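To start, the structure under review is shown below, and the notes come after it.
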Amino acid sequence: MTRLFKTRELWLALGILAVIALVTLRFPRFSQPGNLLTIFNDTSILMMLAMGQMAVILTRSIDLSMASNLALTGMIVAMINAAAPGVPIPLLIAGSVVIGSALGAFNGILVWKLDIPPIVVTLGTLTIFRGLVFVISGGAWVNAAQMSQDFIQLQRGSFLGLPILSWFAIVVAALVYLLMTRTAAGRAFYAIGVNPTAAVYTGINVGRTKFLAFVLAGAISGLCGYLWISRYVIASVEVAGGYELTIVAACVIGGVSIAGGIGTVAGALLGALFLGVVNNALPVIGVSPFWQMAISGAAILIAVVLNGRSERTKGRIILKKAEAGA
Amino acid sequence: MTDQTATGRQLPDRLDNPVKSAVLSWESLLILVALAIFIANSFASPYFLNEWSLSDMTFNFTEKALIALAMALVIITGEIDLSVASIIALASTLMGLALQAGADTPVLVGVGIGVGILCGAFNGFLVTGLKLPSIVVTIGTMSLFRGVAYIVLGDQSFKGYPASFSWFGQGYVFWVISFELVLFLVCAVIFYVLLHHTNFGRRVFAIGNNATAARFSGVRVDRIKFVLFCLTGLMSGMAAVLLTARLGSTRPSIAQGFELEAVTMVVLGGVSILGGSGTIVGVVLAALIMGLVTFGLGLLNVPGIVMSIFIGALLIVVIALPILFRMWRQRKA
């Protein structure tokens, strides 16, 4: 438990509770279990995406193409469903993971084999993937009437009192947690983030590890592509436009260091939840939704100022410590 | 940007042949690409080779390119500023507020540029004063600045800018040469001199190559970075004046996506995203290329979103090709 809830995660959890408590003071119904579960369900997609982005950021990279990947995969799956309603939904979900992984692998291969900086690669694929959504759809929408009932209803079903969408988030988070803490690949993400040179000397293939992180981010983006489309029941070019930065924001608020090597599954989940709680609280306390963007901007800045204090001893000073200790 | 492996530097026993290195430089490649696109455009559309068409073409890139000039310097020092488009939104919104309060053209321009500098100074303070990574800071201020514009405007817009103000975005200095183009060319010359022919410029490169070494050599790293963020704010403020004047209205979604296009111009222009190298000539050529591509495709009735595929592919291909070429040569050797 102490590993799961380090101080940073604890403070963030307290911050979320404080927001909930403040809103509850004036609107008691806000903190009823049903409403909290709704907020969790609303935030599920962001939580999953934050998991993928965290893996990439841990390796000192960044994936700005996740939202475009989501839109492209979502559009492909929706068009398949519209054209062939008979295709079973589990197959479509598996397909969305495969397509998303392939798009992520495209990013990864450019980073791995050509050594192009990740921000440049994903800046390019950000526009390419979204452009492709337009190309394959011809700019048209796939709307609720064209989707099959199974396609729309699957995530709305309930299991043990929780919507299936929430279960997706829980399972993905659990898998990523196991990957990060119990497998060599997961530890490699941290190792190359903290010190790529040292990682090479311990036998880690830095390029391939980054590639795997991009494939993971792509797989999650693809899965979320299906979930997003079936949740909002519309597939269009604009789906999740600009969402890539919200995903990064969730990670940053959750204490994932943009310099790599620092970050936990719990932190990224809480970062996403914080944004979800704030976004859900605004309409309740009667603040115009137009405040959302400024508030999440301020939250990122506050989070990074607080994180910056605890990361101050990074970089060259750590080297000195290591040398002094040796 | 690819020489990241920590192999010791080899000192050459003679300087490179200046003619050979000029021919093989990134800039010559960009000129070739620009020429190829120019020729392809003139074959593809009969409307392309016309002085007014070409003049219209420049409006496609001038505002973004103004920002890219300053962004190039920021990226050369190893930082980045993703908040530029949001600075445009905030500056434009406050210009709109000033207009409502009865301000006339000189005050509007002053407000736009002033807000830009203040936003840049805020970024600069967070990055240099609090020692925070610029990519996170500017992702935060990107939401914050545009968020304030949304709070002020919501789903409304400001309209009714005076004609004397519109001239900045729509006026021509003489014949087909627009004010925007003249301003961009003047700024390009200023930035060229600043980066390549002043102490300040050398310090910018020094910081990008090794900030610690630069600090020990007496370069005021933080002060220079702070100035560069203010400069980027200033250029964004200027772009806000031009864009607002050209569109004649302010919406909170103004200039959406400009930050990525400005970064694309800078990287396409041969500036290393990791800092330490790059030229203003390259950035100007990259801006021209992006203007040519979008305008040429526009003449062919290609939708804007499909153009973005070309821009994205151009970015990756132009960076990947020299790397592939070098790998191929190494394999042969």
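Residue count for region B:269-303 satisfying the condition of being within 14 Å of chain A (Cβ to nearest Cβ) and of a type outside the set (A, V, I, L, M, F, W, C): 10.
A search for C-beta distances below 7 Å between a residue of region A:106-124 that is under 15 Å from A:Ala217 (Cα atoms) and touching a residue at least 40 places away in the same chain (Cβ under 8 Å) and any residue that is of a type in the set (S, T, N, Q) and not in a helix (DSSP H, G or I), counting only pairs 6+ apart in sequence or on different chains, returns A:Asn107/A:Ser65; A:Val111/A:Ser61; A:Pro118/A:Ser61; A:Thr122/A:Ser65. Would you check if A:Met75 is over 21 Å from A:Gly242 (Cα atoms) and in a helix (DSSP H, G or I)? Judged against the criteria, A:Met75 is not a match. The residue of region B:229-280 that is farthest from B:Leu82 (Cα to Cα), among those that are of a type in the set (Gly, Ala, Ser) and surrounded by fewer than 24 Cβ atoms within 10 Å (Cβ to Cβ), is B:Gly248. Scanning region A:12-56 for residues that are surrounded by fewer than 14 Cβ atoms within 10 Å (Cβ to Cβ) and either under 18 Å from the mean Cα position of the chain (by Cα) or assigned to a helix (DSSP H, G or I) (or both) yields A:Leu14, A:Leu17, A:Ala18, A:Ala21, A:Leu22, A:Leu25, A:Arg26, A:Pro28, A:Arg29, A:Pro33, A:Gly34. Being surrounded by fewer than 24 Cβ atoms within 10 Å (Cβ to Cβ), modelled with pLDDT of 85 or more, farther than 21 Å from A:Leu282 by Cα and not small (Gly, Ala, Ser) is not true of A:Arg8. In region A:229-264, what residues are crowded, with 24+ Cβ neighbours inside 10 Å and either in contact with a Pro (Cβ under 6 Å, 6 or more places away or on another chain) or more than 12 Å from chain B (Cβ to nearest Cβ) (or both)? Listed by number, the residues that qualify are A:Ile229, A:Ser230, A:Ala235, A:Ala240, A:Gly254, A:Gly263. Of the residues B:Val182, B:Val152, only one is touching a strand residue (DSSP E or B) at 6+ places or on another chain (Cβ under 8 Å) and of a type in the set (Val, Ile, Thr); which? Just one listed residue meets the conditions, B:Val182. Put simply, of A:Leu72, A:Leu114 the only residue that is under 30 Å from B:Leu324 (Cβ atoms) and out of contact with any Phe, Trp or Tyr (no Cβ under 7 Å at 6 or more places or on another chain) is A:Leu114.
Identify all residues within region B:174-196 that are modelled with pLDDT under 95 and surrounded by fewer than 13 Cβ atoms within 10 Å (Cβ to Cβ); write none if there are none. Result: B:Phe174, B:Trp175.
Scanning region B:125-177 for residues that are at the interface with chain A (Cβ under 7 Å from one of its Cβ atoms), assigned to a helix (DSSP H, G or I) and not hydrophobic (A, V, I, L, M, F, W, C) yields B:Gly140, B:Thr141, B:Ser143, B:Arg146, B:Gly147, B:Tyr150.
The values are calculated or read from the model by the stated rules, or taken from the named source; none is laboratory data. The structure displayed is predicted, hence computed values, not measured ones. Here Cβ is always computed from backbone atoms with ideal geometry, including for glycine, and neighbour counts include all displayed protein chains.
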